Amino acid sequence: MNKDELVELLKDEDIRDIIKDIVKDNNTRQDNNEIEKLKEEIEVLNRLVEKWKNCFKKEENKNISLLSKEKQLENEIKECETKYKKVKEKNKILNSKVDLYEDNFGDDLKAFDLYQSLNDNTKHSLEGIFRDKSIAGFMACGLQENNIHTLWDYIQNELRDNKNSDIKTLIEMFDILFAKYLLAYNIFEYQNVNIGDRFDTDDHIRDNSSKLVSGDISQIVFRGWINSKNNKIIKKTIVKVG
């Protein structure tokens, strides 16, 4: 078909209508394809939106959970702080009581501990003095006047024999008991003896470990005491000479 023939055909009304329908159909198909593509894109976007919503919701739930835990932790910290304050106050009261107890009874406990640390032979020798084995009984026995004298004499004899390994413990224990004894009998006091004083048999007892028979006092081994009212010597201080 040549050009002229085609032009003649196009002049025909029916032919033109057919061509219009074909073009319209093509356009419709193209529009439908575009719509489908748009639908797919919208669907993809909707899925993305839902995914992000879920992510945000999870994060929001996490934040709510963290806030709840943080609040719970704050409450626990406050409870601990309150308990700590109460315990601190209670401890302060207990420490005050302990200090008071130590001030009044610390020496008693120390003397009793020293007694408990003595070997069995020494304890056996002291049974006539310390008849009660409780702390209160020990102190009550140890502060009796006769027992103080007896204990001092026992320590003097042990110093003379120089065989008792408990001798230092015995002297320390006696000094604690005697300090209590002086509170009850304030007419007595330790004999005033100092290193460098001249040894005098009227005032002192020479310890067996002394290097010299006479001379200056080099060590105070075991103190004696006097009656402060009349200066009468009750027990002479045992000293080391030379």
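So for the pair LEU183, LYS83, with labels modelled 7 Å out along Cα→Cβ, what separation do we get in nm?
4.1
Amide H neighbours of SER210 under 5 Å, counting only residues 5+ apart in sequence or on other chains, H built in-plane at 1.01 Å?
HN-HN under 5 Å from SER210: VAL241.
With θ set to phi - 60°, apply the Karplus curve 6.51 cos²θ - 1.76 cosθ + 1.60 along the stretch 195-205 and write out the HN-Hα couplings as whole Hz, x wherever there is a Gly or Pro.
Computed from phi, the couplings for the stretch 195-205 are 4, x, 5, 6, 5, 9, 5, 6, 10, 10, 10 Hz.
Which far-off residues, 5 or more places away or on another chain, put their amide H under 5 Å from the one on GLN219, with H placed in the peptide plane?
Amide H to amide H, under 5 Å and 5 or more residues apart or across chains, GLN219 pairs with LYS240.
As a test of the definition: which semi-axes, in Å, follow for the stretch 203-242 when you take the square root of five times each eigenvalue of its alpha carbon gyration tensor? Largest first, please.
Equivalent ellipsoid semi-axes, largest first: 22, 9, 7 Å.
Between LYS58 and SER218, what is the label-point separation in nm under the 7 Å Cα-to-beta-carbon projection?
9.2
Note the full-extension length gain between GLU145 and LYS123 as 0.36 nm times their separation in residues minus their Cα-Cα distance, in nm to one decimal.
6.0 nm
Please quote Rg/Rh for the stretch 106-241 to two decimal places, taking the Kirkwood radius as Rh and restricting both calculations to Cα atoms.
Across the stretch 106-241, the Cα-based Rg/Rh ratio is 0.97.
Where Lys and Arg each count +1 and Asp and Glu each count -1, what net charge lies around GLN191 among other residues with Cβ under 13 Å from its Cβ?
Summing Lys and Arg as +1 and Asp and Glu as -1 gives -1.
Under a point spin-label approximation (7 Å from Cα along Cα-to-Cβ), what is the GLU50-ASN157 distance to one decimal in nm?
Placing both labels 7 Å beyond Cα along the Cβ direction yields 10.8 nm.
Tally Lys and Arg at +1 and Asp and Glu at -1 over the other residues with C-beta under 12 Å from the C-beta of PHE178: what net charge comes out?
Working: positive: LYS180, ARG223, LYS235; negative: ASP107, GLU145, GLU172, ASP175, GLU189.
Surrounding charge for PHE178 is -2.
Each reported figure results from applying straightforward, stated rules to the coordinates on display, with no laboratory input. Only a predicted model underlies this, so the values are computations on that prediction, with no experimental measurement involved. Heads up, the Cβs are rebuilt from the backbone with ideal geometry, glycines too, and the neighbour counts pull from every protein chain shown.
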